Amino acid sequence: MTPITNAALPTSRGTYRSMPTYQPWSSKQLEQLSKSRDQVQISRFLQEKIPVLGYCTQALPKEAIGKGIGLKSTSSNPEFKAAATRYYKAWADSRAVDLRKEGTFYDLQARWLSAIIGDGEAFVQKVSDVSAASMQWSLADKSKRRLQLQTLLRDQLTSMGMTRTEQKDSRWIEGLQYNALDQLITLRVVTNDNINNGIPKTLDLAASNVFHLKENIRFNQYHGIPFIFRSNEDLLDVLDLKAIRKHSAKIRSALLGATTTRDGKAPNAMQAVMAAEREGNPSVDTGKRFVEIAEGAVMIPLADGETMSFFQGGEAIPFKQILEELTNPFVFGLGYPVEWIFGMGSLGGTAFRGVIEKVRRAHENMRALLYPFLQWTWEWVIADAMMPGGALAAFATVEDWSELDFVTDPDPSVDLGRNHTADMERLRANAGTMEDYIEARTGGSGIEVRKARITEKIDDVKFAISIATGLPMDQIIVPASIATLLAIDPMQLQAMSGLASTLAPESIASDLEQIDPPRSQG
């Protein structure tokens, strides 16, 4: 599929509140906004103006993704399993995977999640170089990739150019066309930047070549909904409260104080200042009854018996708490405990552990939004490599080639020692594999770590024999019995008395004698 070029980002036609208003937003008004294409621009505006929203939208996905979600084959064919996992990792570890080369496949994962949260959705298109020469490109060359991905956002779609009747008859919904079975079949993308000056130029994409990233809240859902809109009008109220408080603070800061006179008139010096500010001939009284000093500070005159006072603190609900309460629906929608966002300093040990456990689940739920998409990319990349002439063509008959598992960074924990002990017990009981343990604790490849671990032990044995015999290390072959012993965990070996007896010291000594150099006679 040819990539989309000159994709435009249309300017929103919406308006936003940035100052206090006396007409509150109703739920009905907000519901209408959430159905319009301007909802993306509103969401982005709120992310910029309310720091906690920016954090939740940008930082939480990075915390959940970490260094990136890895993919590994779980095929029953061990050779294919290793080759496919290695091939996909090499393909993904390049900025050329992205059509704009803005990040590797792992770098893009957090950004895709941010788009789902902030914009409600994103669309990822397959872009392929179908030339025969590209089949021979080495994945070691990170400057190019035969298979690439292009990300499109919600505000790049449009149904403009059609009447409402035409859109309804052909089932177009703001840039997406669905068939009678509610299956997405076509996307219409803006390809020029003059959308506000007339009918835009567009290009239709077949949905079979595009993955629609969104959270599916209900059946037959067309567009994804930004998480921010789950707070209804609360986040707009946050802006109002902040604006009112700032305005009040500015007024109080500008008021230096008041003077008291018998008749309430300003002192003579101040009257002279106010008279000098009048205009016209003769001068016209402006009605101003206060004196403005440099930089906007003011003094107000009061008559005897007149007083001026301000409300002094003592709010029924602290301002910080009000803001947290208004933001909570958005945080709840993400599935995170509010303590993780607003601080956990006052939590005790048990409560702290409970919050961390909820965060771990929330991280996994967030990553799960990408799992179907990651499966889609695996099937595309590995299937292409299994074609004739591809790197995995020798495995074309493997039936479970699409079976895979996800490798993620370890989530936050306050019980690492306790968890490690429990993991060791599971390994001894054969209730898990060392690969799973390594991947859960480090986020690295269990297969690669196992190989490095055994290779290091064998090299140690070769080095010791080389020092003892004088033979070069590359000429030393470690016997199978010794290699087997090195591969078995000492604690597991203790429990495997039968195998331990077959690996008797006499047997090992016999193997070692076979590689000893012949002794001179005489």
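Note on segment 394-423: residues that are open to solvent by less than 70 Å² (accessible area, probe 1.4 Å), at pLDDT 70 or above and not charged (D, E, K, R) total 11.
Could you please give the count of residues in segment 252-265 that are of a type outside the set (S, T, N, Q), at negative phi and surrounded by 11 or more Cβ atoms within 10 Å (Cβ to Cβ)? Spell out how you get there, then give the answer.
Filtering segment 252-265 for residues of a type outside the set (S, T, N, Q) gives 252, 254-258, 262-265.
Cutting the leftovers down to at negative phi gives us 252, 254-256, 258, 262-263, 265.
Adding the requirement that they be surrounded by 11 or more Cβ atoms within 10 Å (Cβ to Cβ) leaves 254-256, 258, 265.
Final tally of qualifying residues: 5.
Name every residue in segment 228-246 that is open to solvent by 10 Å² or more (accessible area, probe 1.4 Å), outside any loop (DSSP other than H, G, I, E, B) and not charged (D, E, K, R), in order of residue number. Steps first, answer last, please.
Start the filter on segment 228-246 by keeping residues that are open to solvent by 10 Å² or more (accessible area, probe 1.4 Å), which leaves 229-230, 232-234, 236-237, 239-246.
With outside any loop (DSSP other than H, G, I, E, B) added as a condition, the list becomes 229-230, 234, 236-237, 239-246.
Selection gives Phe229, Leu236, Leu239, Leu241, Ala243, Ile244.
The rows are residues; the columns are (1) in a loop (DSSP other than H, G, I, E, B); (2) touching a strand residue (DSSP E or B) at 6+ places or on another chain (Cβ under 8 Å); (3) surrounded by fewer than 21 Cβ atoms within 10 Å (Cβ to Cβ).
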position: Leu60; (1), (2), (3): no, no, no
position: Glu63; (1), (2), (3): no, no, yes
position: Gly68; (1), (2), (3): yes, no, yes
position: Lys72; (1), (2), (3): no, yes, no
position: Ser75; (1), (2), (3): yes, no, no
position: Glu79; (1), (2), (3): no, no, yes
position: Glu102; (1), (2), (3): yes, no, yes
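Within the span defined as segment 356-368, every residue fails to be hydrophobic (A, V, I, L, M, F, W, C), closer than 24 Å to Ser75 by Cα, in contact with a strand residue (DSSP E or B) (Cβ under 8 Å, 6 or more places away or on another chain) and part of a helix (DSSP H, G or I). Suppose the filter is open to solvent by 10 Å² or more (accessible area, probe 1.4 Å), out of contact with any strand residue (DSSP E or B) (no Cβ under 7 Å at 6 or more places or on another chain) and farther than 22 Å from Asp409 by Cα; does Ala132 pass it? It is true that Ala132 is open to solvent by 10 Å² or more (accessible area, probe 1.4 Å), out of contact with any strand residue (DSSP E or B) (no Cβ under 7 Å at 6 or more places or on another chain) and farther than 22 Å from Asp409 by Cα. Looking across segment 364-389, the residues that are over 15 Å from Glu215 (Cβ atoms) and of a type outside the set (A, V, I, L, M, F, W, C) come down to Gln375, Thr377, Glu379, Asp384, Pro388, Gly389. For segment 171-229, the candidate set comprises residues that are closer than 30 Å to Ile50 by Cα and of a type in the set (Lys, Arg); within that set, the residue that is modelled with the highest pLDDT is Lys214.
Applying a threshold of 6 Å to beta carbon distances and a minimum spacing of six or more residues, or different chains, the list of pairs starting in segment 324-343 at a residue that is part of a helix (DSSP H, G or I) and ending at one that is among the basic types (Lys, Arg) reads Pro329/Arg230; Gly333/Arg230.
The values are calculated or read from the model by the stated rules, or taken from the named source; none is laboratory data. The shown structure was predicted, so the numbers you read here are calculated from the model rather than taken from an experiment. Glycine gets a Cβ as well: all are built from the backbone with ideal geometry, and neighbour counts include every protein chain shown. Accessible surface is based on the protein model in full, side chains and every heavy atom, while ligands, DNA and RNA are left aside. Shrake-Rupley method; radii C 1.70, N 1.55, O 1.52, S 1.80 Å.
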